[in-house]
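Report on the structure given below.
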């Protein structure tokens, strides 16, 4: 089971729901937040232990998810961290782009709390 996650998302409501859902299914998983790609890279640089998984939104200010994914996957230090693109978009082309850039998955943000918990259970390996 995953022990730590970095959620990169500029939407406070989505971040709060994600946090609540994760806490419901696995309160022991550490959750770190970043509000955009620049914030994520700065936080990763300061972490003593890197997260085991990154959920990365696409549409964010300053540095979007695509740019951040590119930087993560071209970095010797961060390229091995699995990244799941996590967006309101469900466009098939974006799913293909995500995997071609090195993301392990592309998940459209679920529209209800139960679905979000189910997505997180699969992504984190919680039974």
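Overview of results
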| item | result |
| --- | --- |
| Cα-based Rg and Dmax for the range 4-124, where Dmax is the largest Cα-Cα distance (Å) | 13.2, 37 |
| Label-to-label distance, nm, for residues given as residue 32 and residue 75 (7 Å Cα→Cβ offset) | 0.9 nm |
| Residue 108 paired with residue 64, simple spin-label distance in nm, labels 7 Å along Cα-to-beta-carbon | 1.8 nm |
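Values quoted throughout were computed directly from the atomic coordinates according to the rules given, and no laboratory measurement underlies them. Source: prediction; values computed, not measured. In this analysis, Cβ positions are derived from the backbone assuming ideal geometry, glycine residues included, and neighbour counts consider all displayed protein chains.
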